[in-house]
Amino acid sequence: MNEPTRLLIHGASGRMGQALIRLARERDDLRVVAAAARSAPDDLPAGATSVTAASLDSAPDFDVAIDFSLPEAFDAVLDLCVRRRVPLVSGTTGLSDAQRAAIDAAAMTIPVVWAANFSLGVAVLGDLVERAAKVLAGWDCDIVEAHHIHKKDAPSGTALALGARAEAGGASPHYASLRAGDIVGEHTVQFATAGERIELVHRATNRDIFARGALHVARRLHGRAPGAYRVGDLLD
């Protein structure tokens, strides 16, 4: 694909939405053509259309939607993508079981990526955790995560996702959470047995990594066959 991938940013006035718009502007292979939010987002790229959450149908043609919004806004963008047969990349958290089921159903007709964490490093960490769990059968598995003092959920969604990868490899993870200062995010997965220990660690020092990861995924999802993809499926 020589032409830039055209993006709809859903949740464009939020912190992630603003980061996506700012960072997409730095890339020649991506172009934001529409931004959707409850109120008009700041500093839209030249030529981009602003639409409200209530008027998504008026959005111009786009190749991929990136959604970082709220659960109550999610259904509309998923429905739009299904009707237009375009891929959806979403990092909206707090979705209900019914909404997660709707993602699975949508993946029958469009490419979809939903992830709690779009860091490319965390995607690699998940692969390493599952591989280690398969090889180190019977070892203790502990996941320790640390975030800033304002983060409410514990364990973090990323810790639980890493735990799911450990379980897929046969481990039974235990969790510990720390809330301190302004920590962006740290995750340690430890495998231990008598006489030895392995630690797999990821540290985030800048929140832009999550937006950069989502843009990376959106570019590589364009043109894929329908299905539910993980971030790790789109690293290359």
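The values are calculated or read from the model by the stated rules, or taken from the named source; none is laboratory data. Given the structure is predicted, the values throughout are model-derived calculations rather than measurements. Note that we place each Cβ from the backbone using ideal geometry, even for glycine, and neighbour counts take in every protein chain shown.
Checking the stated criteria, residue 163 turns out not to satisfy the condition of being surrounded by fewer than 20 Cβ atoms within 10 Å (Cβ to Cβ) and farther than 29 Å from residue 12 by Cβ.
Just one of the listed residues (96, 39) is modelled with pLDDT of 90 or more, among the small types (Gly, Ala, Ser) and exposed (fewer than 15 other Cβ atoms within 10 Å of the Cβ), namely 96.
Inclusion of residue 37 among residues that are outside the structural domain of residue 152 (by TED's automatic domain parsing) and touching a Gly at 6+ places or on another chain (Cβ under 7 Å) is warranted.
Among the conditions (1) assigned to a strand (DSSP E or B); (2) touching a residue at least 40 places away in the same chain (Cβ under 8 Å), the only one that residue 33 does not satisfy is (2). Within region 149-181, take every residue that is assigned to a loop (DSSP other than H, G, I, E, B) and under 21 Å from the mean Cα position of the chain (by Cα) and give me the one that is nearest to residue 203 (Cα to Cα). Of everything passing the filter in region 149-181, 156 is nearest to residue 203 (Cα to Cα). Restricting attention to region 4-32 and to residues that are of a type outside the set (A, V, I, L, M), closer than 16 Å to residue 93 by Cβ and surrounded by 15 or more Cβ atoms within 10 Å (Cβ to Cβ), the residue that is modelled with the highest pLDDT turns out to be 10.
For region 166-191, filtering for residues that are surrounded by 14 or more Cβ atoms within 10 Å (Cβ to Cβ), within 13 Å of residue 128 (Cβ to Cβ) and free of Cβ contacts under 8 Å to residues at least 40 places away in the same chain leaves 2.
For region 73-91, a residue qualifies if it is surrounded by 20 or more Cβ atoms within 10 Å (Cβ to Cβ) and either of a type in the set (Lys, Arg) or within 16 Å of the chain's Cα centre (by Cα) (or both), and the qualifying residues are 74, 77, 78, 87, 88, 89, 90, 91. Within region 203-231, the set of residues being more than 22 Å from residue 9 (Cβ to Cβ) and either without any contact (Cβ under 8 Å) to a residue 40 or more places away in the chain or not assigned by TED's automatic domain parsing to the domain that holds residue 105 (or both) comprises 203, 205. A residue that is in a strand (DSSP E or B) and exposed (fewer than 14 other Cβ atoms within 10 Å of the Cβ) can be found somewhere in region 200-215.
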